[in-house]
Structure formats: C-alpha cells, structure tokens
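Engineer: Would you mind keeping the following structure in view while I ask a few things?
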Amino acid sequence: MAQFTPAELQSLKAQYEKAGQSHVFTYFDSLAEPEQNAFFEQLQKIDPARVQKLRELALNPPKEEGQAVVEPLPDSATASIIDSSPEDIQRWYNLGLELIGKGEVAVVLLAGGQGTRLGSKAPKGCFDIKLPSHKTLFQIQAERILKVQELAAKGAADPSKAVIPWFIMTSGPTRGPTERFFKKEKLDELSEEENAFRAKGKPYFGLDPKNVTIFEQGVLPCITNDGKFMLASKGKLAVAPDGNGGLYKALQDEGVLDKMRPNIKHVYAYCVDNCLSKVADPVFIGFAAEKKVKIGTKVVRKRDAQESVGLIISKNGRPDVVEYSEIDDATCQAVDPKQPSILKFRAANIVNHYYSFEYLDGMGDAVNSLPPHVAKKKIPFFDTEKGEAVDPKSPNGIKLEQFVFDNFKWLNLNEFACFEVKREEEFSPLKNADPAKKADGTFEKQPEDSPATSRRHIKEQGRRWVEAVGATVNNGDVDEGLEVSPLTSYSGEGLEAFKGQTIDKATI
Ligand code: UTP
C-alpha cells in the first residue's frame, strides 16, 4: 500500500520542481509500490532547496574582503607537550582523570568515511594492520577506553561512575558492517580468515554495550556539474555521506546530545584511522577543561616547509585552518622568531578535538551553516535522458562534503585552544593501501600512511615505552619493535615491572 497520500506526493514534487530537480520523478510512476514508498521516504528526508544553497556556496564561496591577516595562534591559546613543564602536564592529567572518574567525559569517533584510498571493503575500523595480535583499529581504541576507565576508577570517589560512553558516527555505507562487527557477527566484506580472527574475544571488545552508541551521519545528493541531482537507479537518488562535518547535525538529529545531556560536560573526538590516537586522553581533556574553552584541537609539528598538511592558524583574529595549497612559499618557509630552528607556521591539523558539551548543545541551526566543499568524483548513475545505468571512467559529478573543523572560525581566540603533541606518540593515520606486487615480483613504492607505517609506529612506540623503564627488546620482530597492548599500558605507564628484563615476546 502506498505510504503517502496523493497530496503528500504532490507537495514533495512541488519542492523538487521549485529547486529545479523535477527530473528525479521521471520513473516514479513506473515503479512498483514498495519501491515508490522507499523512494518517497528517501526524497522526503532531503531538503532540495538546502542542497541547492550548499551547492551554490561550494561553487561560489563568498569573497573575503581585503587581505587576510594570517598569524600563528597567540601563546595564550596554545600549549605544547614538548615544552610544557612536567608539573603542568601532571596537573592536566590529574584533572582529566578526575573528570573521567566523575563520568563527565564522552568520546566521539568519526567513522563515517568510505576509505576509498585504502580500498578495504569493510569500514576502516575493522581493518587489521597485521600487528602480532591482529587487533583491529576498533579493538585497539576500545581497549584504550577500557584502560582509561580503569585508571580513572582508581582515584574516583565512586569508581562505578568512571565510565566513558563511546559514540561512534557511521554513515549509510559503514553503519551496518560496524554494528555487526561490534556484535562479532560474520561480515561478508571480510575473508574467512579475517572473520575467524574477528570472532574471537568478547562482543564490544569487553565494553558494556549500553555504553557504546553507533549512530549515523546524514547524506547529501551527488550532483552533476550543472547542478542536477543524480539518480543511482530509477527509484533511488545517488547520495554520499555529508563529510565529517556532518557530525554536528548528526549529534542533534540522532539524539546523541539528548543522551549526553544528563552527565557529559566534556567530549573528546577523533578519527578512526589514527592508530595512535590517545582515545579520551586525560592530559588533553584536562588542558582544555582548565582553559574553559569551547573547542580544543591537537596538532603535531609540521615536518618541514614542504609537508602538505592543513595548519591551525589565526586568521583576521579568529582561529582557522588553512590548507597547504592556500599559503605562499614565503609563509611556509618562515621561521619562528623566538625559536629560529623551527617553522613559524607549524601547527599541523590532525582532526582530534575537545568540545565542551555546552558548546555542542548550543549550536542550534549553526549546524546547517558549515561551508560545503566540492569533491569531484566518479559517480555511477542512472542517466534519465538515455534511460541507462552509467559507470563512468573519469570524474563526472560532485559530492558535497562538510569539514568538522570549519566551525573554528566562529569562535573568538579566547574560546579556542591548540595543544601540540608528539607525532610519534599520537599521530599515524591509515589512508593508503600497502603497495601492490608488480608482475616481476617486486613491489610498488611503499606509500606514507599505510598499514605498514601504522603497524611500525605502534611497535616503535611500544619499544620506546619499555626502554624508558630500563627493559630491552630482543624478540626478532621484523620492525625491531614491540606491541604493547592498551590493556597493559595506555601511554607508557605501569611498565616498571619490566625494568632490567629482556623481552622476547612480540606482544606484552
Ligand atoms: P578522510 O577524509 O581521510 O576520508 O576521513 P576516508 O573516508 O577515511 O578516506 P578516503 O578519503 O575515502 O580515502 C578522515 C576522518 O573523517 C571520517 C573518516 O571516517 C575518518 O575518520 N569521515 C570522513 C566521516 O566520519 N564521515 C565522512 O563523510 C567522511
């Protein structure tokens, strides 16, 4: 039975017509009733006028008046773990753990990306970077949460309150497999061998399922270069996740803020593909909470003037992010007048944020105002003029994406703080696949940010941690490293028992 009245259909058609998108109904009448119902539901969830506005904004962004004044953030808005005093770091750590111990901290994971460069069929979090333990990114992150909860419970007045709710943002393509993965169900996207590994251990990796919420970000229609919504089939729009900036709208629409409201005051947000992310990092949370900022962001030091990373800066007196391509060579090369051995603009964006809950809860309609960005992509579609499905070989359309850091510029400098951390301890993103084998048996060049670099960075970190307490590693590992389970140590603490020992295991 049709789940809409003729008047409702008429009104929906009028909305799409007004936005110049009436072609989406070309085949509507020829569809069977269940397909019509599904298509009606899909079309109803999208506001075609809003999408038109976003497209206009993306293609013709408002021109900035005058020359922008770009400066590093002032000292009052920054701190660095590299040169902060041990007393400051300890104070932030204690405060962060105290807030976690009171149940005031939540973690939000951005896991809605489709990982096209990595090319894995399953969501990135299910990826096995081939550590000796074969733990996936999701498992490593879940165990870090378990460990921080344990550390916080030790000093808490009521240890039962030391719980960190984990909110995992997925998207249409990643939600189903992510949910099944946490429940330890079989995933068609994984091989038999991978499924066998994944079946081991507890569902939700030992976390209480009631503290893990998997929610879904929104989508936006894919559009042709001349602004028409694309159809995936006769009865379906081609859509794509609305970018990691869809977070703010999804927190509202999916009831996440409502769930957080009773207890949560501080939120730690990070990207699924950073295998070194210190999930729920007490130091960072304590630092941002002490400064009482609305948003805090972690950065690492830019490697050299050429590295193509976005930078956190102050632009016309507000916090902002500039992409590498937007700054000239002289600005890239400039050195810090106070420390001439390092770059002046060095705060590389790693998309790892702190939010005060109050800020997120007060965003209101602003969630709809994040400026969209254009990504030109190959988008399979159903051609309504030719009446056939097309699988393009080159980019043929536009995906609109919002970026999660595009709201920084809405804040004043005293509402924002930037925290520099050590790259080797906290940042190793997984973006690209390991190199393919060539016909002659040799391999393509090893890319940056691959499973191999993630694995190596975790094992090098483990080795550094045990060497710092006076142990040595002699385990024959190909990377000459050691995998330290997050359940053994969160960030190098608690390893004193290994002092003076030679560790011959691959994992401790
Ligand atoms: P990337 O921009 O690197 O995208 O995401 P990706 O999907 O992982 O990889 P490519 O570009 O397709 O190869 C950075 C972070 O933002 C999240 C990702 O899951 C990752 O944690 N993200 C990205 C979302 O949550 N939603 C999106 O729509 C896009």
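Engineer: Any chance you could run the full-extension gain for Lys200 through Lys378? It's 0.36 nm times the residue separation minus the Cα-Cα distance, nm to one decimal. Walk me through the numbers on the way to the answer.
Structural biologist: Working: separation 178, 0.36 × 178 = 64.08 nm, distance 3.77 nm.
Once the chain is fully extended between Lys200 and Lys378, it gains 60.3 nm.
Engineer: Here's something else I'd like to know. Whose amide H sits under 5 Å from the amide H of Val335, counting only residues 5 or more places off or on another chain, with H placed in the peptide plane?
Structural biologist: Lys344
Engineer: Same structure, new question: Can you run phi through the Karplus equation (6.51, -1.76, 1.60; θ = phi - 60°) for segment 211-222 and list ³J(HN,Hα) in whole Hz, with x for Gly and Pro?
Structural biologist: These are the phi-based 3J(HN,Hα) values: 9, 10, 10, 9, 10, 10, 6, x, 10, 10, x, 7 Hz.
Engineer: Give me, ordered by chain and number, the residues 5 or more places off Gly310 or on other chains with an amide H under 5 Å from its own placed amide H.
Structural biologist: Those lying under 5 Å, H to H, from Gly310 are Tyr324, Asn349.
Engineer: Which ³J(HN,Hα) values in Hz, rounded to whole numbers, follow from the phi angles of segment 117-125 under the Karplus curve 6.51 cos²θ - 1.76 cosθ + 1.60, where θ = phi - 60° and Gly and Pro get x?
Structural biologist: 5, 6, x, 8, 6, 8, x, 4, x
Engineer: If you roll a 1.4 Å probe over the chain with all protein chains in place, what percent of the accessible area is carbon or sulfur?
Structural biologist: Looking at the chain in its full context, I get 50 percent from C and S.
Engineer: Say the dipole of segment 67-212 comes from +1 at the beta carbon of Lys and Arg and -1 at that of Asp and Glu; which of Ile164, Phe181, Asn94 then lies farthest toward its positive end?
Structural biologist: Comparing the listed Cα positions along the dipole, Phe181 ranks first.
Engineer: Under the rule of at least 5 residues apart or a separate chain, name every residue whose amide H is placed under 5 Å from the amide H of Asn432.
Structural biologist: Result for Asn432 returns Ser450.
Engineer: A further question on this structure: When the convex hull of the C-alpha atoms of segment 138-182 is computed, what volume per residue in Å³ does it have? Spell out each step's value before the answer.
Structural biologist: Values: hull volume 3.0 nm³, N = 45.
Looking at segment 138-182, the number lands at 67 Å³ per residue.
Engineer: Related question: For the chain, list the DSSP H helices whose alpha carbon atoms reach 15 Å or more along the long axis and whose average Kyte-Doolittle value is 0.0 or above?
Structural biologist: 137-155
Engineer: A follow-up question, please. Find the Rg to Rh ratio for segment 200-245, where Rh is the Kirkwood radius over alpha-carbon pairs and Rg uses the same atoms.
Structural biologist: That ratio equals 1.28.
Engineer: Moving on to the next point. Quick one: net charge of Arg463's neighbours, Cβ under 14 Å, K/R +1, D/E -1?
Structural biologist: -4
Engineer: Could you order the peptides 474-484, 103-113, 323-333, 342-352 from most to least packed, using the average number of other C-beta atoms within 10 Å per residue?
Structural biologist: Order by mean packing, descending: 103-113, 342-352, 474-484, 323-333.
Engineer: May I ask you to give the solvent-accessible area per residue for segment 311-370, in square angstrom, as obtained with a 1.4 angstrom probe?
Structural biologist: Accessible surface, normalised per residue, equals 45 Å².
Engineer: Net charge around Gly243, counting only other residues with Cβ within less than 11 Å of its Cβ (Lys, Arg = +1; Asp, Glu = -1)?
Structural biologist: -1
Engineer: Given bins 5 angstrom wide, list per bin the percent of all Cα-Cα distances in segment 373-482, short to long.
Structural biologist: 2, 9, 9, 10, 12, 13, 12, 11, 10, 7, 4, 2, 1, 0, 0
Engineer: Still on this model: Considering only protein heavy atoms, with the full assembly of protein chains and a 1.4 angstrom probe, order Lys459, Lys393, Lys259 by accessible area, largest first.
Structural biologist: So, going from the largest accessible area down, we get Lys393, Lys259, Lys459.
Engineer: Which value, in Å² rounded to 10, gives the accessible area of Thr472 with a 1.4 Å probe and all protein chains present?
Structural biologist: 70 Å²
Engineer: I need two numbers for the chain: Rg to one decimal and Dmax as a whole number, Cα atoms only, in Å.
Structural biologist: 24.2, 79
Engineer: Keeping every protein chain in place, order Lys45, Lys302, Lys438 by accessible area at 1.4 Å, biggest value first, i.e. largest first. Please report the intermediate quantities before stating the final value.
Structural biologist: Numbers: Lys45 160, Lys302 10, Lys438 90 Å².
My answer, sorted largest first, is Lys45, Lys438, Lys302.
Engineer: If you don't mind, there's one more thing I want to ask. Summing +1 for each Lys or Arg and -1 for each Asp or Glu, what net charge is found among the other residues whose Cβ lies under 12 Å from the Cβ of Lys228?
Structural biologist: Numbers: positive: Arg55; negative: Asp226, Asp383, Glu385.
Its environment carries a net charge of -2.
Engineer: Give me the accessible area per residue for segment 92-214, probe 1.4 Å, as a whole number in Å².
Structural biologist: 42 Å²
Engineer: Measuring from label point to label point, each 7 Å out along Cα→Cβ, what is the Asp258 to Arg303 span in nm?
Structural biologist: Distance between label points: 4.6 nm.
The values are calculated or read from the model by the stated rules, or taken from the named source; none is laboratory data. Owing to the predicted nature of the structure, the values given are computational and were not obtained by experimental measurement. Glycine gets a Cβ as well: all are built from the backbone with ideal geometry, and neighbour counts include every protein chain shown. Heads up: the accessible areas ignore ligands, DNA and RNA and are worked out on the full protein's heavy atoms, side chains in. Shrake-Rupley method; radii C 1.70, N 1.55, O 1.52, S 1.80 Å.
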